[in-house]
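The values are calculated or read from the model by the stated rules, or taken from the named source; none is laboratory data. Every value quoted in this text rests on a predicted model; they were computed, and no experiment measured them. Note: ideal-geometry Cβ built from the backbone for every residue, glycine included; neighbour counts use all protein chains shown. Surface accessibility is based on the protein's heavy atoms, side chains included, excluding ligands, DNA and RNA. Shrake-Rupley method; radii C 1.70, N 1.55, O 1.52, S 1.80 Å.
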Amino acid sequence: MLKVTKIGAWTRVGQLLATAPRRVQGAVDKAMLQEGQFLRTKIVEGIREQAPGGRAFAPLAPTTLAIRQFRGFRGTKALLVQGDLRNSITVVKDGDRVLVGVLRTARNRAGKSLVDIAALQEHGARPIVMRLTPKARAFLHAAFRHAGLDGPNSGQPGTGIAVIQVRPRPFLTPVFQKYTQPEQISRRFLERVAAQLSRDFAVL
């Protein structure tokens, strides 16, 4: 009669095999969240560096910078006045999907919808022509004069008409285009799942 002796942590092997489906699902869930956090990090980095996915933002207009400075904000970067938009970018797991972006419920410090602001920055808008109130005209005169722009080419706030142009500064699409090619996602996902599962089997 042939005698077979098992050598090794066979009890542990049995436990791992019995719980394999749960462990694999857990590894998949973690890998999905890690992918979402990876993309969120790239989006935030893109805003900070002013070039999401390597695509540089359009520079801010001198008049926009003049208004910022007059209000006490010295920064010159687009989409970074108070950081509300940047800080609103989040990762949410929804069943077998992970969503990365700005929630519809997100609001800035003034109570305005951040998803609307995000869409405006992502896609831009047609020029908006509006009539200025006396208070708004006075503010623009003061801001432009403070920045040394109050002159023939200052945008003529004294006419009582202002034209607002929001140029597109996409901060989501360039990141997704650069980092979500199928082969890239597959490689990162499989590496993350393997790393999660290897922690279990490495103890054998």
Report summary line: Taking Cα atoms only, Rg over Rh for segment 57-201 with Rh from the Kirkwood formula is 1.14
Report summary line: With a Förster distance of 25 angstrom and the Cβ-Cβ distance between ALA110 and HIS146, calculated FRET efficiency to the nearest 0.05 equals 0.65
Query raised in the report: Say the cut-off is 24 Å between C-alpha atoms; which of LYS77/LYS135; LYS30/LYS77; LYS112/LYS178; LYS93/LYS178 go over it?
Result: LYS77/LYS135; LYS30/LYS77; LYS112/LYS178
Query - Accessible surface, 1.4 Å probe, highest first, among residues ARG169, ARG192 - result: ARG192, ARG169
